[in-house]
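Undergrad: Okay, here's the structure, questions in a sec.
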Amino acid sequence: MVFSSIIFLFYFLPLFLAAYLALAPWRTAVIVAGSLLFYAWGEPAYIALLLVFIVLNWAMGLAVQRATSLRRPILAAGITANLLFLIFFKYVGFLCAQFDALLRLTGAASLPHIAVPLPLGISFFTFQGISYLIDISRGDVAAQPSLLKFAMYKAMFPQLIAGPIVRYRQIAGEIDDRSVSIARLRRGIEIFVLGLAQKVLIANTVSLPADQIFALPADQLTTGTAWLGAVCYMAQIFFDFSGYTNMAIGLGQMMGFTLPRNFDRPYLAQSVTEFWRRWHMTLSSWFRDYLYIPLGGSRHGPARTYANLLAVFVLCGLWHGASWTFAIWGLYRGAFLIAERAARPLASVRIWRPLRHFYLLLAVLVGWVLFRADSLGAAAGMLKAMVGLGAAGPAAMPAARFATASVITALLAALVAVIAPPLGAWRRWARGIPAFGPSGGGAIASAAAVDGMRIAWSLSLFLLTATALSAGTYNPFIYFRF
């Protein structure tokens, strides 16, 4: 079940919220039951795996907290158990394929093909469990004694299958004491609808030409077609993932939880380093706090710092998927961060701001081609076509075939959404509208007018997305495969 589906919007969510609001004394149990149902809807075969993760990390957390001399071995065992599940389900097929390739080079018999289905969200709730155990060992948070409350944290459906990566300490206070108010419900609905519109009206529209173009063989890629595919994917991945994040944050608000922000207008960054500080911030901060800093961070000289950065970003790339394209993408990201760190003495040189922004967008766009391509060969073919060195033949597909009116409109909407001020700035602007009439009544009337505009805006977006969904639009979710 995905958030942008008719079943979720018109059946699951209304029934869940009705039960959650009506059964106030049992809200924790309602979240657990609703989350397990949500996960089982799409992955019934792996509901037992999720329950194992819950019990394992709850028990290991208590063990880490109670241990004294054996704390480090127990922590290591808990982290290892989490990673073994992730390696088996996500990487065993890839590792066996690489080993098989080595065997074939030596003339040995090949290994049988191993295909293990990837459970939804396993990367996210694995990292969530690891951070929980490490934070307990560091004394940053106390272990949750209630299995039911821990199950609520671990299985909470808004962030279960595609993030943001919510650390236990970020919502520990709200697990035991959270409030649900009309104001939070309204704000949650507003954020959710905004994310839904990002996903359905923009990401879904540009995802179809992106998928079609990236599926083309090299001899059918013209320069214009390759650029259109890359730009469409650049828009798709941002509005797909940020839209999902906004929906998750909005759902959390409706339930009384404050989930962490995951994006900070990354396409307005001025460097690759700044971009990755603004993109998928919960993942970036996770790797910083639990891998980069423990490896030594930048405390042991430039060479060690650069090695740490490369290790972190290659592993971050492989976290997204078991493929050489993801590893190379991670290496590509790390190389830019190292180059920008090494060039810090040039920071005082004034470079025209639009030129810095162009550099950032071009670097990120090339990276997204590596990220999206099915193989390194396919990525090379796309990049060659983009610079005019492709192998386009008589059967080449012109860009006009994919650049429909709806795609162009979605790309323009994406551009406006990227450069427009964030939602909070609009609210601050609205509060600053001068009141008309007598000082008291006029202010009330102005506030009511602003509220009315916000409600009308959210309702309009919801009706547009519902109409698009009812028409059966293309509706993939990129991060479900990670």
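Just so you know, all these numbers are worked out from the coordinates, no wet-lab data involved. The model shown is predicted, which means the values in this text are computed figures rather than measured ones. Neighbour counts run over all protein chains shown; Cβ positions are idealised from the backbone, glycine included.
Undergrad: Given only helices, namely DSSP H runs of n ≥ 4 each adding -39500 (n - 2.57), what is the per-residue ellipticity at 222 nm of the chain, to the nearest 500 deg cm²/dmol?
TA: Details: 21 runs with 316 residues, N = 482.
Here the helix-only value at 222 nm equals -21500 deg cm²/dmol.
Undergrad: Say a paramagnetic label sat at a point 7 Å from the Cα of residue 362, along Cα to Cβ; which residues of the stretch 275-310 have their backbone N under 20 Å from it?
TA: 275-276
Undergrad: Can you give me the C-alpha center-to-center distance between the stretch 130-160 and the stretch 304-322, rounded to a whole angstrom?
TA: Spelled out, the Cα-based centre of one part sits 26 Å from the other.
Undergrad: Beta carbons within 10 angstrom, averaged per residue: use that to sort the peptides 14-26, 263-275, highest first. Intermediate values should be presented prior to the final figure.
TA: Numbers: 14-26: 13.2, 263-275: 17.5.
Result, highest mean first: 263-275, 14-26.
Undergrad: Same structure, new question: Gain in length, residue 401 to residue 106, computed as 0.36 nm per residue apart minus the alpha-carbon separation, to one decimal in nm? It would help to have the intermediate numbers written out before the result.
TA: Details: separation 295, 0.36 × 295 = 106.20 nm, distance 4.71 nm.
My answer for the length gained is 101.5 nm.
Undergrad: Moving on. May I ask you to list the aspartates and glutamates whose Cα is less than 20 Å away from that of residue 149, ignoring any residue fewer than eight positions away on the same chain?
TA: Those aspartates and glutamates meeting the cut-off are 135, 140, 174, 176, 177.
Undergrad: Next question, about the same structure. Mind listing the phi-derived Karplus ³J(HN,Hα) values for the stretch 353-370, rounded to whole Hz, using 6.51, -1.76 and 1.60 with θ = phi - 60°, and x for any glycine or proline?
TA: My calculation for the stretch 353-370 gives 4, x, 5, 4, 5, 4, 4, 4, 5, 5, 4, 5, 4, 4, x, 5, 5, 4 Hz in order.
Undergrad: Something else now. Rounded to the nearest 0.05, what FRET efficiency is calculated for residue 340 and residue 212 with R0 set to 35 Å and r the Cβ-Cβ distance?
TA: 0.50
Undergrad: OK, next. Using bins 10 angstrom wide from zero, how does P(r) for the chain break down, in % of all Cα pairs?
TA: Reading the bins upward from 0: 4, 17, 26, 27, 18, 7, 1, 0, 0.
Undergrad: Where does each of 127-134, 253-260, 61-68 land if you order them by average Cβ count within 10 Å, highest first?
TA: Put in order of decreasing packing, that is 127-134, 253-260, 61-68.
Undergrad: Could you line up 375, 458 from fewest to most neighbouring Cβ atoms inside 10 Å?
TA: Fewest-to-most Cβ neighbours within 10 Å comes out as 375, 458.
Undergrad: Cut-off 20 Å, label point 7 angstrom out along Cα-to-Cβ of residue 59: give me the residues of the stretch 67-84 whose amide nitrogen falls inside.
TA: 67-68, 70-84
Undergrad: Now for a different question. Taking H placed 1.01 Å from N in the peptide plane, check which residues at least 5 places from residue 116 or on another chain put their amide H under 5 Å from its amide H.
TA: HN-HN under 5 Å from residue 116: 93.
Undergrad: In whole Hz and in residue order, list the ³J(HN,Hα) couplings for the stretch 137-150 that follow from phi through the Karplus curve 6.51 cos²θ - 1.76 cosθ + 1.60, θ = phi - 60°; x for Gly and Pro.
TA: Karplus values, whole Hz, x for Gly and Pro: 5, 7, x, 6, 8, 8, 5, 7, x, 8, 5, 5, 5, 5.
Undergrad: Then there is this: Could you derive backbone 3J(HN,Hα) for the stretch 205-213 from the dihedral phi with the Karplus parameters 6.51, -1.76 and 1.60 (θ = phi - 60°), listing whole Hz in sequence and x where the residue is Gly or Pro?
TA: 5, 8, 5, 5, x, 4, 5, 5, 6
Undergrad: Between residue 453 and residue 96, what FRET efficiency comes out of the Förster formula 1/(1 + (r/R0)^6) with R0 = 51 Å and r the beta carbon distance, rounded to 0.05?
TA: Calculated value: 0.35.
Undergrad: With the crude spin-label approximation of a point 7 Å out along Cα→Cβ, what separation in nm comes out for residue 116 versus residue 70?
TA: Distance between label points: 2.7 nm.
Undergrad: Further, regarding this structure: Given R₀ = 45 Å, FRET efficiency for residue 19-residue 270 by Cβ-Cβ distance, to 0.05? Walk me through the intermediate numbers first.
TA: Numbers: r = 47 Å, r/R0 = 1.04.
Efficiency computed from Cβ-Cβ geometry: 0.45.
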